[in-house]
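Structure first, then comments.
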Amino acid sequence: MNWDKIKHFTEAELACRCCGQCTMNEQFLIALDMARRDAGLPFHVTSGYRCEKHNRAVGGATNSAHTKGPAVDIACQSSAERMKILKALLRYFDRVGIAKTFIHVDA
């Protein structure tokens, strides 16, 4: 993973909260970075890469995309913020899930 290509995210903020491992998919992150640029507001990532142990601990799906690298959950504070983030994400991703307090995106 070449982190020099990524402007809006750091390895530390996307790393597993359990062990610090961060095996993110580069193409996914490039697209996520472009969506962040287009949205014009920060994406607060609440869950990026997850090791298998952490994924089980948080009740993640078996074979979750979080454990393979092309997935994040982005917190949303308001409906207006959710819509801006969603519009930007849908330019680059087909797999987007909307929850009450966050948006899940994966590839």
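Tell me, which residue of region 1-51 that is free of Cβ contacts under 8 Å to residues at least 24 places away in the same chain and surrounded by 12 or more Cβ atoms within 10 Å (Cβ to Cβ) is nearest to Tyr92 (Cα to Cα)? In this case the residue turns out to be Trp3.
Scan region 75-95 and tell me whether some residue there is surrounded by fewer than 14 Cβ atoms within 10 Å (Cβ to Cβ), hydroxyl-bearing (Ser, Thr, Tyr), in a helix (DSSP H, G or I) and at pLDDT below 95. Looking through region 75-95, at least one residue is surrounded by fewer than 14 Cβ atoms within 10 Å (Cβ to Cβ), hydroxyl-bearing (Ser, Thr, Tyr), in a helix (DSSP H, G or I) and at pLDDT below 95. The number of residues in region 59-74 being among the β-branched types (Val, Ile, Thr), out of contact with any Phe, Trp or Tyr (no Cβ under 7 Å at 6 or more places or on another chain) and either under 13 Å from Ala31 (Cα atoms) or modelled with pLDDT of 95 or more (or both) comes to 2. Residues of region 39-63 that are touching a strand residue (DSSP E or B) at 6+ places or on another chain (Cβ under 7 Å) and part of a loop (DSSP other than H, G, I, E, B): Phe43, His44, Gly48.
The values are calculated or read from the model by the stated rules, or taken from the named source; none is laboratory data. What you are looking at is a predicted structure, and each value in this text was computed from that prediction instead of being measured. Note that we place each Cβ from the backbone using ideal geometry, even for glycine, and neighbour counts take in every protein chain shown.
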